[in-house]
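Novice: Structure in structure tokens, see below.
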Amino acid sequence: MIHSLFLVNSSGDIFLEKHWKSVVSRSVCDYFFEAQERASEPENVPPVIPTPHHYLISVLRHRIYFVAVIQSEVPPLFVIEFLHRVVDTFQDYFGVCTEAAIKDNVVVVYELLEEMLDNGFPLATESNILKELIKPPTILRTVVNTITGSTNVGEQLPTGQLSVVPWRRTGVKYTNNEAYFDVVEEIDAIIDKSGSTITAEIQGVIDACVKLTGMPDLTLSFMNPRLLDDVSFHPCVRFKRWEAERILSFIPPDGNFRLLSYHVSSQNLHPLRSASLVAIPVYVKHNITFREGSSQGRFELTLGPKQTMGKGVEAVLVSSQLPRGVLNTNLNPTQGTYTFDPVTKLLSWDVGKINPQKLPSLKGSMSLQAGASKPDENPTINIQFKIQQSALSGLKVNRLDMYGEKYKPFKGIKYMTKAGKFQVRT
Amino acid sequence: MLSMSTNNLSYNDQGGTDSAVEVGQETTPTSSNAGAGFGLFSVDFKKNDDLKEMLESNKESLKLEAMKRVVGLIAKGKNASELFPAVVKNVASKNIELKKLVYVYLVRYAEEQQDLALLSISTFQRALKDPNQLIRASALRVLSSIRVPIIVPIMMLAIKEAASDMSPYVRKTSAHAIQKLYSLDQDQKDLLIEVIEKLLKDKSTLVAGSVVMAFEEVCPDRIDLIHKNYRKLCNLLVDVEEWGQVVIISMLTRYARTQFTSPWKEDGVFDEHSERAFYESDEEKTRNEPEAKPYMMDPDHRLLLRNTKPLLQSRNTAVVMSVAQLYWHLAPKNEVSIVTKSLVRLLRSHREVQYIVLQNIASMSIQRKGMFEPYMKSFYVRSTDATHIKSLKLEILTSLANEANISTVLREFQTYVKSQDKEFAAGTIQAIGRCATNISEVTDTCLNGLVLLLSNRDETVVAESVVVIRKLLQTQPTQHSDIIKHMAKLFDNITVPMARASILWLMGEYCERVPKIAPDVLRKMAKSFTSEEDIVKLQTVNLAAKLYLTNSKQTKLLTQYILNLGKYDQNYDIRDRTRFIRQLIVPNDKNGALSKYAHRILLAPKPAPLLESAYKDRDRYQLGTLSHTINTKASGYLELSDWPAVAPDQSVRNVEVIEPVKEWAPSLWKTGKSKPAKSSDDKFYSDSGEEEEEGSGSSSSEDGSSSSEESGSDAESRVENSSQSSEESDESSSQSEKSSSESESDSEKKKRKTKTPLQKKTVKPTAKDGDSDGNVAKEASSSSAEESSSDSESDSDAHTDSDSGTEHKKKTKSKAKPKVEVKSKKEVSLLDLGDFTPAPVTQLKSSILSPSLLGDLEGMSLSNVSSTIQVSGPAFVPEKSHDLLHRMTGKGLSAQYQFPRQPCLYQPTMVSVQISLTNTSDHPLEQIHIGDRSPTGLNIHCFNTVECLEPEASVTVFMGIDFNDSTQAANFQLCTKEDHFSVSIQPAVGDLFLPITMTELDFRKEQGKLLGMNESSATITMAAENMTSQPISRPVATVANLGVVPSGQDDIHRFAGKTASSGAVVLVTVELRESSTALITINTEKSVMGSMLLRDLKQALAQA
């Protein structure tokens, strides 16, 4: 399966390599660099590159390419999914997954990679097991280790790997037993010029942070589980119970994990729901014009809340890639700050909170390259925002029960709506 | 090829200089960082000397420090091989981290330093014998990773040994090692296949994924090894770790394509029908109608589809994709669409995932538009998508476009055409072209739109439009001379060679429609000929030739001029073409023959180009594979075979199924997701395991009574299973000695493990184990003959073979009796569709914790559960609940209890009690819990305090009570925040039992031990209906929680159970006599309970 892994930074240097079978020369990456050069943007490097003797499957995250070398047929998603798991693990261990962090922790990284694959086949990818095998570095532990020479490799053997609930460590102990669940929904939408919704869908996740002693068995039930008709689960969730009763029943992993993710699309053909299933929480009034022959363009943008269920829209950030012909902008925001990068032509406006009484707007003019013809496309506007304490789809958790342990856990549930890929075409 | 290798070379050079530069750069910061734990990365070559010293020092910390730096070197790809001797000495270090780092080093460099690597081997050999399974596993892992050919025999030995290790984890490691050894030495193939064969039989979910991986790598063509494990693999699938699932699913896809007939031949009706038959479990139908139907899905085929379906919900995108491809390649056409939603969900994932998924959707959407059409909007392009994602989405949108949605699609395309990403805009124009050809209604609209685009400012857009228009015009050239004229006008402004060439070609092809313009264009071209691109020059020559033929008057000179220019062109293609054209069109004496045909040659009607998807031909590759992604055959790609015209013998898969299911079916009380798997085989499709079990049981015991059921006698059921299954395989595959001895050792191994399972109650503890060992083996060989006969009978029961009349007679005979049993189960099995546990309906809301937790704890491995006599699920759960606290006395709190008859989770000796608390008052009740109890010694497992119970709300809680095998009431206080209520739970004697399954022989043996004092009996007159329509089991099961023991005689019914607290066996025999009397005999050492039970039974049977 996976032969070797090369980590390549954005400037095209290989800064780490690991081989699980016999060593593959790093010159194999030259094919990758070729593709990298050909691509206009870093994202445009094709994920799968065939070379005469190998296949390169790469993943770009945090501006690092994780390039896996494959020698024979394997489902590409298998490799891609695994590489993303590796990145997730690094992020989990080091807080960030940057070149510097990886270089600083190269020994831990190596130990992790060694445990995650055996002969190129995934062995232990559950973070709970890995953490039992290799303790994540903390500043304190690093200091202690350098002084005492002790190690960050777990002394105990990873019993979790053998257990029937492989995702959970054994012998978990907490003084404060708590379980938090965050219901986070992201709304993806494309709004057309006239303000009508072309497509809108909600991608929701329930992220959990469970710190409970022992082997708790949790059940989570929803007020309106019918909303969830397209879900994927953490392996700990008992699928049969979900099928039968629409209740999430699971022995949670220890710590942070994604319990489930779901998808509510506007196209779900539910008899009881109208087409306007996904309520768009903000609207944008825009007027962006370029006139033929003039070197000036007008730019006007006003944001307003819409169907927010009384909750405030916060952390609003508007960004737009203006056409190449735009030299500079001269705009006035009624609130927040805006920046325009004349090189990348990226306009971004940090709005902050939307006050329904006094709608934020950004108005002014753009100066265009003299003599250049008018750009034929108006820029699309990307919007980010957050709405606290509400899940747009209306999903509500009914209750959380714990069995199997005697203590009483502290339980908390938080809702949040965010903009995902929210685009307004102008 | 040549250019490739030179390329390579030059890159290598570059790489070399690169690293040299790196080294140079790094020398500077090192000095300051030296020694710091995290500064490791900047170690350079000069420091290697002191590394050696550090490695050879006595201090662990120094060694560790050194090893960390060495690993840093390896990570950077620097050569650290000269340290090998110093490093290898530390292989036996006590420090775990040091040891691990040494392993890393060893695996990396052993290949280069083979002799020195041998020094470490003995350490691993020792570790292979370590009592700790994890140490054994890791030793095997490293040993097999050392790529030194000389140790192949040692590896082989280690693998063989590990393959029969007790620990599934070690076995898993050995499966991994198989692949490593195979890549090191292919000559070991045959030996390795033997190991694979053995590991394939393994029932642990840990092993399954890894061994299938090894199978795929070493001997993917040995499909025959899979037959016997097929059903097991299907059933285990849900519980295998996610990476293993991917591998197993893709293997099973290939397998299914060789073993089952195509479900696609027939139209949907039959598919639906078979599904219905399946869901209804209408055995009768399945059995009688197969001849009437042309296609009937093989139950195993269905099993695979069913068991993979839940995996569509996996968080692992690779798993979802592999299920999707399995459905695509195996499912009836009308079922494929269930994967749509999940695939669309994956589009929200990372860019790379999107890329692969979109590729696959692109392939699918060509063949099956309908599948993705409802989700069309998910493929709308966002400005932030990467270019290759955009073009894939375009591809899909184009494939999905039809008459109904084309207007929406075109509107969307209009936005894309204006995109700043010009490559994408060009792609959109091609897409419009494809839509125009595919959907004739919009051809004109598209064409007009494209003509409008000709005035676009962007050159690439215009060029692409020209090319697409050219293709469109070719399909219907008649009425479009306007467009051609328009393009001729634009000709001067267009600079993109491809577009110019296209216009020239159009002019030439349709020169008769634009007789005035064409010569003028040629004139212009003559002027600029020398400065044009090659492709334009070629088309100019073509145009000249065509005009010469149609309109030689005006263009003769121009043509000659151009041909002369072409003759001296630098490009030989153009020179050749010119020469050819000249000879063809200008008639001279020598070759006049050909020039007669010049007109026909040059102006022949040409077929219009087909505008079709680039993904059209990808369907020759299996979806989801690397080969599909790169559209060439990747090395190691395994072809998906076509469906066989006639299904190969399906009975090859039969072997092990029948027995395990019988044993399992009763014990399936646990919910857990692990469950779906276990009971499914062809029994699924018949009504219930029970029925067949009794059928085969009765027929076999009639002819000899050393039937399969009895062979295992006291042995734990699991051992029995495995031995029987291997016996059966003996019969079919004739390797009898070997595998039966294997099964013996298996059974012994499992026995050692029996102590572990948490929840199984051993009724007869180890005392019996001794003789059962012998029993199994002995009976195994002796009873095989009878068994095979009884087996084949039950087989044909399950399948739809039409057999001889006698067979049928037997069937009907065996069927008559258990009918009611089936009925009582039916409500369960309706719910059961998803292989849900036969948990009683009433309980669904509340009881779950217990069964499902246990299910999880135990579900992992099929092999390690066992007890002498298996506790099984209740045959019947009375829904009758008793008042615990009336709402009047409870000041609004009312409580009812009932016995769910499930084994108690908290302690095996307890009886579980389900209590429903209801608040009938108008204020919330707080802190409902259990207070004092009497007798004080009473062992109660309280439910967790109910914090708050809202008015009108009710909650169901579970508690466990150890009644100590007496019907004495358990008294305790039910407390709320303000009040205490004394309540008592009075169990009926029947609720103090737990049902167990045993064989008839066991039953008799036990009965033999419980005679005299321990036996109580009574003769009663049965109520009429008990004699006829209803079997005895129903009323008995209602009264007491006992399990049915299969009985050989029609008129004797046996039931077995054990008391919850002390585990004493309770045996009930009901013997029907003439004139509606019956003799009830109860054997138990708890004689008080026996007599109480007798009284209850008498009552129930007499009146019911």
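Novice: For B:Ile601 and B:Glu639 in the same chain, what is the full-extension length gain: residue separation times 0.36 nm, less their Cα-Cα distance, in nm?
Specialist: Numbers: separation 38, 0.36 × 38 = 13.68 nm, distance 4.32 nm.
Residue separation times 0.36 nm, minus the Cα-Cα distance, leaves 9.4 nm.
Novice: Any chance you could list P(r) for the range B:53-259, counting all Cα-Cα pairs in 5 angstrom bins from zero, rounded to whole %?
Specialist: 1, 7, 15, 16, 16, 14, 11, 8, 6, 3, 1, 0, 0
Novice: Hey, got the average number of other protein chain Cβ atoms within 10 angstrom for residues in B:306-319? Write down the numbers at each step before the final one.
Specialist: Numbers: counts 0, 0, 0, 1, 5, 1, 3, 9, 5, 12, 8, 7, 9, 6.
Per residue, the number of nearby Cβ atoms from other chains is 5 on average.
Novice: Can you list residues from other chains, or at least 5 along the same chain, whose modelled amide H is less than 5 Å from the amide H of A:Ser265?
Specialist: Sorted by chain and number, the residues that satisfy this are A:Ile202.
Novice: With an 8 Å cut-off on Cα pairs and a minimum separation of 6 or more residues, tell me the relative contact order of the range A:2-148 in percent.
Specialist: Value for the range A:2-148: 22 percent.
Novice: Using only alpha-carbon positions, what ratio does the radius of gyration of the range B:497-606 give when scaled by 2.2 N^0.38 Å?
Specialist: Numbers: Rg = 12.8 Å, N = 110, 2.2 N^0.38 = 13.1 Å.
Output field value: 0.98.
Novice: Next question. Cα-Cα over 31 Å: which of A:Lys135/A:Lys386; A:Lys21/B:Lys309; A:Lys345/B:Lys341; B:Lys78/B:Lys99; B:Lys100/B:Lys232; B:Lys94/B:Lys160?
Specialist: In this structure, A:Lys135/A:Lys386; A:Lys21/B:Lys309; A:Lys345/B:Lys341; B:Lys100/B:Lys232 exceed 31 Å between Cα atoms.
Novice: I need the peptides B:216-229, A:226-239 ranked by packing, meaning the mean over residues of other C-beta atoms within 10 angstrom, with the highest value on top.
Specialist: A:226-239, B:216-229
Novice: Limiting things to C-alpha atoms, what are the Rg and the maximum Cα-Cα separation (Dmax) for the range B:871-987, in angstroms?
Specialist: Both quantities, over Cα of the range B:871-987: 14.0, 44 Å.
Novice: In whole Hz, what ³J(HN,Hα) sequence does the range B:132-140 give by Karplus (6.51, -1.76, 1.60; θ = phi - 60°), x for Gly and Pro?
Specialist: Listing the rounded values in order: 7, 4, 5, 6, 4, 5, 5, 5, 5 Hz.
Novice: Looking only at other chains, what is the average number of their beta-carbon atoms within 10 angstrom of each beta-carbon in B:168-177?
Specialist: 2
Novice: Same structure again: For the range A:102-112, what does the Karplus curve 6.51 cos²θ - 1.76 cosθ + 1.60, with θ = phi - 60°, yield as ³J(HN,Hα) per residue in whole Hz, taken in order and with x for Gly and Pro?
Specialist: Result, ordered by residue: 5, 5, 5, 10, 4, 5, 4, 4, 5, 4, 5 Hz.
Novice: For the range B:299-314, in order, what is each residue's ³J(HN,Hα) by Karplus, 6.51 cos²θ - 1.76 cosθ + 1.60 with θ = phi - 60°, in whole Hz (x at glycine and Pro)?
Specialist: So the J values, rounded to whole Hz, are x, 5, 4, 4, 4, 4, 4, 5, 6, 8, 4, x, 6, 4, 8, 5.
Novice: Calculate how steeply helix A:139-148 sits against the longest principal axis of the alpha-carbon atoms of chain A, using the helix alpha-carbon long axis, and give the answer as 0 to 90 degrees to the nearest 10.
Specialist: Computed tilt is about 40 degrees.
Novice: Next up: Report the relative contact order of chain A, percent, no decimals, based on alpha-carbon pairs under 8 angstrom and at least 6 residues apart.
Specialist: Relative CO of chain A lands at 14 percent.
Novice: Still on this structure, please answer the following. Evaluate the distance, in nm, between pseudo-label points positioned 7 Å from the Cα of A:Lys285 and of A:Lys374 along their respective Cα→Cβ axes.
Specialist: With each label placed 7 Å out from Cα toward Cβ, I get 2.2 nm.
Novice: So, one more: With a cut-off of 8 Å between alpha carbons and a minimum separation of six or more residues, what is the relative contact order of the range B:497-606 in percent? Could the numbers behind the result be given before it?
Specialist: Details: 107 pairs, mean separation 27.4, N = 110.
That works out to 25 percent.
Novice: Report the one residue of B:Thr555, B:Ile535, B:Leu565 whose Cα lies farthest in the direction of the positive end of the charge dipole of the range B:495-575 (charges on C-beta: Lys and Arg +1, Asp and Glu -1; origin at the Cα centre).
Specialist: Projecting each Cα onto the dipole axis, the largest value belongs to B:Thr555.
Novice: Something else about it: Describe numerically, in nm with one decimal, the distance between label points set 7 Å from Cα along Cα→Cβ at B:Ser881 and at B:Glu441.
Specialist: So the two model labels end up 5.9 nm from each other.
Novice: While we're looking at this one, here's another question. What whole-number distance in Å separates the alpha-carbon centres of the range A:303-382 and the range B:173-192?
Specialist: When both Cα centres are located, 62 Å separates them.
Novice: Students often check this: by mean Cβ neighbours within 10 Å, which of A:257-265, B:629-637, A:168-176 ranks highest, and how do the rest follow? Could the numbers behind the result be given before it?
Specialist: Numbers: A:257-265: 21.6, B:629-637: 16.6, A:168-176: 13.9.
Per-residue mean Cβ counts within 10 Å order the peptides as A:257-265, B:629-637, A:168-176.
Novice: As an exercise, find the ratio Rg/Rh for the range B:325-443 from alpha-carbon atoms, using the Kirkwood inverse-distance average for Rh.
Specialist: Ratio value, two decimals: 0.97.
Novice: Roughly how crowded by other chains is peptide A:19-32, in terms of the mean Cβ count from those chains within 10 Å of each of its Cβ atoms?
Specialist: For peptide A:19-32, the averaged partner shielding equals 4.
Novice: Calculate the translational D of the range A:282-388 in whole µm² s⁻¹ from Stokes-Einstein, where the hydrodynamic radius comes from the Kirkwood formula applied to all Cα pairs, the temperature is 10 °C and the viscosity 1.306 mPa s.
Specialist: The estimated diffusion coefficient comes to 111 µm²/s.
Novice: Distance in nm between label sites at A:Thr98 and B:Glu612, each 7 Å beyond Cα in the beta-carbon direction?
Specialist: Simple spin-label model gives 5.2 nm for this pair.
Laboratory data are not the source of any read-out in this text; all were calculated from the coordinates shown. As the structure is a prediction and not an experimental result, all values here were calculated from the model. Note: ideal-geometry Cβ built from the backbone for every residue, glycine included; neighbour counts use all protein chains shown.
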